[in-house]
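K.L.:
Encoded as structure tokens, here's the structure I'll be asking about.
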Amino acid sequence: MDIIEQRLGVPPHIAGPAATFAFFAFFLIKKMGLFTNTNHFPVEGKTILITGASEGMGLAAAILLAKKGASLILVSRNVGRLEEALVKVTAAARSPSKQRFTYISADVSEPNYAESVIAQAIAWNAGAAPDIVWCIAGLSSPMLWADPANDSIAATRRNMDVNFFGSAEMSRAILKEWLAPENKPKDTGVIGQKPEPKHIVFTASMLALFAIVGYGPYTPSKWALRGLADTLNMELRMYPDHPVKIHVVYPGTITSPGLERENKTKPQITLELEKEEPAESPETVAERAVKGLEKGQYNVTVSTLGDLMRCGILGGSERNNWVWDTVVGWVVPVIYFFVIRIMNAQVAGWARVNGHPHVKKAAA
Ligand SMILES: NC(=O)C1=CN([C@@H]2O[C@H](COP(=O)(O)OP(=O)(O)OC[C@H]3O[C@@H](n4cnc5c(N)ncnc54)[C@H](OP(=O)(O)O)[C@@H]3O)[C@@H](O)[C@H]2O)C=CC1
Ligand SMILES: CCCCCCCCCCCCCCCC(=O)[C@@H](N)CO
């Protein structure tokens, strides 16, 4: 002990408890998987169905998962774009002889679309349901909610139909398959070892963690996905013999064809505020999302700001890591004390300079 005091300048009555605390903290954190790198999202040899897979983040995710050895079913509406996507995804295959690729054209906003998509997927996949379903199809119609020039309610219904119901129906159709008593996965043969879980991944947005002006029709559809995911995450405990994991991904701005479309109607103030989070390519977002899934995360963010926002709004959601999420969750309100003030002032400042938002200024 004298040596400890001499070397570190720490008296033994502090060094002792500190070492004990560090020892237990290490094991607590270790148990939570911080130092292990088990892949919780193995895709090699698996069949994955992705909606919104013909463009943007969905296409990037499909290519990445093909590179990792998965077979893929691409779902979206436009057949021409699906054909092009299929060529790219097929070319990315890791072991072309073992992987298979196809597409199904479907509109995820159509009531009951998912049952038929899953039936087609099963028929193509020799009678087996896909192992993983990732809902990425989505759209955004940014606008000022109260501007009489905008039909924000019609836009909200459309956003809900594609972003929320498109994912909600898919989750129900695939869960009905996975959870059917007759579809109980085979035993692994190893005592105490459960079969590998299936996965449903929803794609929300950072806006489901922090809402900003201009996304009125869109943001609620992404918050709704969180509500559904948390509900399913609890409901699935009722099926211990049919392991299924739920995840939600929260991208920031993605430089996709979708972004180009939405920017045509995006209010100027919205463009200014969202500059705080740098835009990323679809490939980067897909890669970071898959990394989070591989770590076994429930709510998956793809940037530091996104992760702060996640910890700032955990509520009853599953934690990725109890220690990290809790401690960061204490700090974020302090940051918000300043950030919310600054952002609200920026919005008020915009109106001071530009006048009433509904009165369109004549072109200069
Ligand atoms: N871009 C961004 O800045 C952000 C996007 N997100 C979310 O990430 C996801 C991907 O976005 P992004 O990469 O921009 O997407 P894109 O708009 O670039 O691509 C959308 C894809 O979804 C398909 N799709 C759209 N509507 C439907 C429909 N009704 N039925 C079936 N398929 C449909 C499209 O194909 P087709 O038109 O042929 O059907 C296309 O494959 C979306 O859920 C989006 O809300 C989240 C945060 C930021
Ligand atoms: C710790 C807290 C700091 C808070 C800073 C706030 C910055 C706000 C950034 C919002 C970025 C929104 C990106 C998602 C865009 C999106 O989903 C659409 N493009 C849809 O397609």
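The values are calculated or read from the model by the stated rules, or taken from the named source; none is laboratory data. The structure presented is a predicted model; accordingly, all values stated were derived computationally and were not measured. All Cβ positions, glycine included, derive from the backbone under ideal geometry; neighbour counts span all protein chains shown. Protein only, heavy atoms only, side chains kept; ligands, DNA and RNA dropped before computing areas. Shrake-Rupley method; radii C 1.70, N 1.55, O 1.52, S 1.80 Å.
K.L.:
Of the listed pairs Lys266/Lys295; Lys186/Lys222; Lys98/Lys176; Lys176/Lys222; Lys98/Lys222; Lys222/Lys361, which have alpha-carbon separations greater than 31 Å here?
P.N.:
Listed pairs above 31 Å: Lys266/Lys295; Lys186/Lys222; Lys98/Lys222; Lys222/Lys361.
K.L.:
Oh, and also: With the chain treated as a Gaussian network of Cα nodes joined by springs under 10 Å, which of Thr47, Thr270, Thr20 yields the largest mean-square fluctuation?
P.N.:
Sorting by GNM fluctuation, first place goes to Thr20.
K.L.:
Determine the sum of side-chain charges near Asn112: Lys and Arg each +1, Asp and Glu each -1, restricted to other residues whose C-beta is under 13 angstrom from that of Asn112.
P.N.:
With Lys, Arg at +1 and Asp, Glu at -1, the net is -3.
K.L.:
Please state the Cα pair-distance histogram of the chain with 10 angstrom bins from zero: what percent is in each bin?
P.N.:
Taking all Cα pairs of the chain, the binned fractions are 5, 21, 30, 22, 12, 7, 3, 0, 0 percent.
K.L.:
Using a Gaussian network model of the chain whose springs link C-alpha atoms within less than 10 Å, name the residue from Ala106, Ala229, Ala19 with the highest mean-square fluctuation.
P.N.:
With Cα springs under 10 Å in the chain, the top fluctuation among Ala106, Ala229, Ala19 is at Ala19.
K.L.:
Do any trypsin sites (Lys or Arg not before Pro) in the range 232-288 lie in a DSSP loop with no more than 11 other beta carbon atoms within 10 Å, and if so, which?
P.N.:
For trypsin sites (Lys or Arg not before Pro) across the range 232-288 that sit outside H, G, I, E and B with at most 11 neighbouring Cβ atoms in 10 Å, the list reads Lys264, Lys275.
K.L.:
Taking 7 Å along the Cα-to-C-beta vector as the label spot, tell me the Ser95-Ile313 distance in nanometres, rounded to one decimal.
P.N.:
Inter-label distance under the simple model: 4.2 nm.
K.L.:
Pick from Ser109, Ser281, Ser71: which residue has the top mean-square fluctuation in a GNM of the chain where Cα pairs under 10 Å get a spring?
P.N.:
Ser281
K.L.:
Just how far, in whole angstrom, is the range 250-285 from the range 188-222 if you go by their alpha carbon centroids?
P.N.:
20
K.L.:
Something else: If r is the Cβ-Cβ distance from Ile342 to Phe21 and R0 is 41 Å, what FRET efficiency results, to the nearest 0.05?
P.N.:
Calculated value: 0.65.
K.L.:
Under a 1.4 Å probe, what is the accessible area of the range 154-301 per residue, stated in Å²?
P.N.:
Accessible surface, normalised per residue, equals 47 Å².
K.L.:
Right, another one. Note down the relative contact order for the range 51-102 as a percent, whole number, built from C-alpha pairs under 8 angstrom at least six residues apart.
P.N.:
Worked out over the range 51-102, it gives 42 percent.
K.L.:
How much length, in nm to one decimal, is gained on full extension between Ala279 and Ala126, taken as 0.36 nm per residue of separation minus their Cα-Cα distance?
P.N.:
Length gained, Ala279 through Ala126: 51.0 nm.
K.L.:
If I compute solvent accessible area with a 1.4 Å probe over the protein chains, what percent of it on the range 209-364 is carbon and sulfur?
P.N.:
Looking at the range 209-364 in its full context, I get 63 percent from C and S.
K.L.:
Would you work out the relative contact order for the range 109-231, in percent, from Cα pairs under 8 angstrom that are 6 or more residues apart?
P.N.:
RCO, the range 109-231: 37 percent.
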